[in-house]
Amino acid sequence: MDSKSLLVVLVVLVCSMHSVWSQTTATTSITEISTETTEISTETTEIPFTSCSEYNAVTVDLNTVKGVWYETGRANDVNMQCKEITVPEKDSAEKNLDIDISYVDSSDDKWESTSKTVTFPWNTDTQNGIFTWKREKDTLTYKLIKLQNPNYAFFCGYDDASTYEPFIIWSRNAILSTEQKDALQKEMDDLRPDTKLVWVEQSEEKCSSAMRTAGGSLVALALALVIYRRNI
């Protein structure tokens, strides 16, 4: 091989090596892509929640809530029908808020009228829509979580002895139309999805019969006392 041919071979060899070196350098200098990702929190502070304790309560305006209410719907069926609640006018100097409740006890196939007064301390909790009722064996807490119109009031509740969490609706009207019930169920779906409302008996015929029965029992008791005193 003459010197000219040898020179050509060397030039080709050098060019080939330079090409290989360039490709290797390009391969090893690829910028590393970061696999780090930002974690997205699933925590929410918006309705709906899974527990009543998570809901914010609504401040109680006595001028708005005073007067007669009827419990027309609840998320847990109980043996109380014809339930009527009276929130009295309250003097700002009074230390307690006394709420009068009357209902019909329908447990064990009964239909008996009952009434009582529940007293709540007029403290910061009560003023802010958190009603704590200390009973013999446990403490029941109700929260006013929504006032609508203001013809409807939505409450949720919980106690410290079980997982029982009632959701109840007060209405200014004892009898609700189908359209009103559908609208209230929709509101409940927004507050607590998959929660079916049970409608409380409020018909005048059935509720009045309970009051007549209670009145008749009182009259019978009074007559029995009169007869007893005459026979002494």
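The values are calculated or read from the model by the stated rules, or taken from the named source; none is laboratory data. What you see is a predicted model, and the numbers here were worked out from it, not measured in a lab. Note: ideal-geometry Cβ built from the backbone for every residue, glycine included; neighbour counts use all protein chains shown.
Considering the conditions (1) touching a strand residue (DSSP E or B) at 6+ places or on another chain (Cβ under 9 Å); (2) at pLDDT below 95, CYS82 is excluded by exactly one of them, (2).
Against the conditions (1) loosely packed, with under 14 Cβ neighbours inside 10 Å; (2) of a type in the set (Asp, Glu); (3) in a strand (DSSP E or B), GLU136 satisfies every one except (3).
SER162 falls short on exactly one of the conditions (1) small (Gly, Ala, Ser); (2) part of a strand (DSSP E or B); (3) within 21 Å of the chain's Cα centre (by Cα), and that condition is (2). Residue count for the stretch 68-117 under the criterion of being in a strand (DSSP E or B), of a type in the set (A, V, I, L, M) and surrounded by 14 or more Cβ atoms within 10 Å (Cβ to Cβ): the result is 7.
Among the residues making up the stretch 139-158, those that are over 20 Å from LEU184 (Cα atoms) and either in contact with a Gly (Cβ under 9 Å, 6 or more places away or on another chain) or touching a residue at least 24 places away in the same chain (Cβ under 8 Å) (or both) are LEU140, THR141, TYR158.
Given the criteria out of contact with any strand residue (DSSP E or B) (no Cβ under 8 Å at 6 or more places or on another chain), among the β-branched types (Val, Ile, Thr) and closer than 23 Å to ASN96 by Cβ, does THR124 qualify? Give the derivation first.
Details: out of contact with any strand residue (DSSP E or B) (no Cβ under 8 Å at 6 or more places or on another chain): yes; among the β-branched types (Val, Ile, Thr): yes; closer than 23 Å to ASN96 by Cβ: yes.
Yes; evaluated as a whole, the condition is true for this residue.
Has the stretch 175-193 got at least one residue that is touching a helix residue (DSSP H, G or I) at 6+ places or on another chain (Cβ under 6 Å) and at pLDDT 90 or above? Within the stretch 175-193, none of the residues are touching a helix residue (DSSP H, G or I) at 6+ places or on another chain (Cβ under 6 Å) and at pLDDT 90 or above.
Scanning the stretch 178-210 for residues that are more than 26 Å from PRO48 (Cβ to Cβ), assigned to a loop (DSSP other than H, G, I, E, B) and hydroxyl-bearing (Ser, Thr, Tyr) gives a single hit, SER203.
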